[in-house]
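Visitor: This is the structure, below, for whatever I ask next.
Derivation of every value follows stated rules applied to the coordinates shown; laboratory data play no part. Just so we're clear, the structure is a prediction, and the values are computed from it rather than from any experiment. Because the Cβ atoms are built from the backbone with ideal geometry, glycine has one as well, and the counts that use them run over all protein chains shown.
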Amino acid sequence: MEPTANVPDARRDDPAVELPVNGARGPLLELVTRSGCHLCEDARAVVTEVAAELGLSWSEVSIDNDAELTAQYGEEVPVVLVDGIQRDFWQIDPVRLRTILSKAVAEN
């Protein structure tokens, strides 16, 4: 899938963004969700599992109270962003996510 969206650069340097478990800066992994979304629950489980396997932390961002994020991702949630680039949406594939994150870890 081609990248289709970017996260504002200000969020990349946000001290609230957790560092990977090993303490080194790895890829920024974000899951964009909304409340009441059953696919978001499935995606959360996939992201949790794959991130744990690779020793990465991740954050979840809700579009519920953010008009800009709703306009950008409203029809696609859940959305996985890696380093601010949209990498997957709707049904998150664990194999694809693992491949993308492994490559991103190697590049960091």
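Visitor: Just how large is the dipole of segment 35-108 about the Cα centre, in debye to the nearest 20, putting +1 at every Lys and Arg Cβ and -1 at every Asp and Glu Cβ? Write out the running numbers ahead of the final one.
Guide: Details: 5 positive and 14 negative charges, 64 e Å.
Here the size comes out at about 300 debye.
Visitor: Quick one: compute the contact order of segment 29-107, relative version, from alpha carbon pairs under 8 angstrom and 6+ residues apart, as a percent. Intermediate values should be presented prior to the final figure.
Guide: Numbers: 106 pairs, mean separation 29.9, N = 79.
Relative contact order here is 38 percent.
Visitor: Would you tally the net charge around THR70, using a Cβ to Cβ cut-off of less than 15 Å, leaving THR70 out, and scoring K and R as +1, D and E as -1?
Guide: Within the 15 Å Cβ shell, the charges total -4.
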